[in-house]
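So the structure is just underneath, and the comments pick up after that.
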C-alpha cells in the first residue's frame with residue numbers, strides 16, 4: 001500500500017505528462033457527434049469541479065488519522081480530474097460546441113456531495129464514478145474516428161486506473177477501522193450504492209454507451225466486473241489467533 005507521500009510523488013510526476021498532440025485538428029462527423037455530444041458536455045462539466053467539499057472532507061479526515069500529507073494527495077488527485085475537464089473543454093472549443101454550465105446529473109451529484117463531509121462516502125462515490133468513467137471514456141473513444149478525441153480519452157483512461165487504486169486503498173483503511181459486524185454490513189451497503197449509481201449513470205449517458213458498442217446488458221456486466229475488482233476485493237479476513245478482523249485490499 002502506497003503512503004500519502006508516495007501518492008504525492010506519483011501525482012506530481014503524472015501531472016507533467018503530455019500525451020496529447022494538440023497540433024491535430026479534430027475530425028468528427030455530425031453522425032458521430034450527435035449521440036455523444038450531450039454526455040461529453042456533461043462529463044466535461046463534472047470533471048471541472050473545484051473539489052472544495054472533497055478537500056474539506058480530506059482535511060478533516062487527515063487530522064483525524066494524523067496524516068497531513070493525505071490532504072495534499074487528494075488535492076493533486078483533484079488537479080488530475082480538472083486536467084481531464086480542461087482537455088475535454090479544449091476539444092469542445094475546437095469543434096465549436098459550447099461548454100454547458102448546468103446538467104441534471106451533475107447538479108444532483110453536486111447537491112449530494114455538498115451535504116457530505118464523510119471521507120468514507122466520498123471515497124466510495126469516487127470509486128463508483130471512476131469505474132463508470134472507464135467504460136464511459138472507452139465508449140467515447142470507440143464511438144468516433146477522431147484521432148484527437150481518441151488521444152484525449154486514452155490520456156484519461158491511463159489516469160483512471162491509479163485513481164481507483166488510490167481511492168480503493170483508502171476505503172480499505174476506513175473499513176478496517178470499523179468493528180467486525182459493522183464491516184460486514186458496510187460492505188453490503190457499498191455494493192448496493194455501487195449498483196444503484198451504476199444505473200443512474202446509464203440513464204444519463206445511455207446514448208453514448210450505445211454509440212460505443214455497449215448495450216445495457218454489456219454495460220452492467222462490465223460494471224459488475226469493476227465492482228468485484230474494487231469493492232469485492234476489500235476482504236475481511238478473520239485472524240483466529242487474535243480474534244481480530246483485518247481488511248485487506250487486493251490489487
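Out of (1) within 18 Å of residue 15 (Cβ to Cβ); (2) free of Cβ contacts under 8 Å to residues at least 12 places away in the same chain, the odd one out for residue 52 is which?
It is condition (1) that residue 52 fails.
Of the residues that sit in segment 149-164 and are surrounded by fewer than 19 Cβ atoms within 10 Å (Cβ to Cβ) and in contact (Cβ under 8 Å) with a residue 40 or more places away in the chain, which one is nearest to the chain's Cα centre (by Cα)?
Top of the filtered list is 162.
Just to confirm my filter: which helices (runs of 4 or more DSSP H) fall fully inside segment 1-49 and include at least 3 residues that are under 17 Å from the mean Cα position of the chain (by Cα), touching a residue at least 60 places away in the same chain (Cβ under 8 Å) and closer than 13 Å to residue 140 by Cβ?
Numbers: elements: 4-14, 30-33, 37-47.
Per the criteria, 37-47.
Against the condition closer than 21 Å to residue 120 by Cβ and modelled with pLDDT of 95 or more, how does residue 162 come out, does it pass?
yes
Whether any residue in segment 119-128 is surrounded by 19 or more Cβ atoms within 10 Å (Cβ to Cβ), more than 19 Å from residue 195 (Cβ to Cβ) and at pLDDT below 95 is what I want to check.
yes
Counting only residues that are closer than 30 Å to residue 72 by Cα and surrounded by 13 or more Cβ atoms within 10 Å (Cβ to Cβ), how many does segment 16-55 have?
Going through segment 16-55 one residue at a time, the tally reaches 16.
Kindly provide the set of residues from segment 200-215 that are assigned to a helix (DSSP H, G or I) and within 15 Å of residue 31 (Cβ to Cβ), ordered by number. Walk me through it before giving the result.
Pass one, segment 200-215, residues assigned to a helix (DSSP H, G or I): 200-211.
Across segment 200-215, the qualifying residues are 207, 208, 210, 211.
The values are calculated or read from the model by the stated rules, or taken from the named source; none is laboratory data. Keep in mind that what you see is a predicted model, and the values were worked out from it rather than measured. Cβ coordinates were reconstructed from backbone atoms using ideal geometry, including for glycine residues, and neighbour counts include every protein chain displayed.
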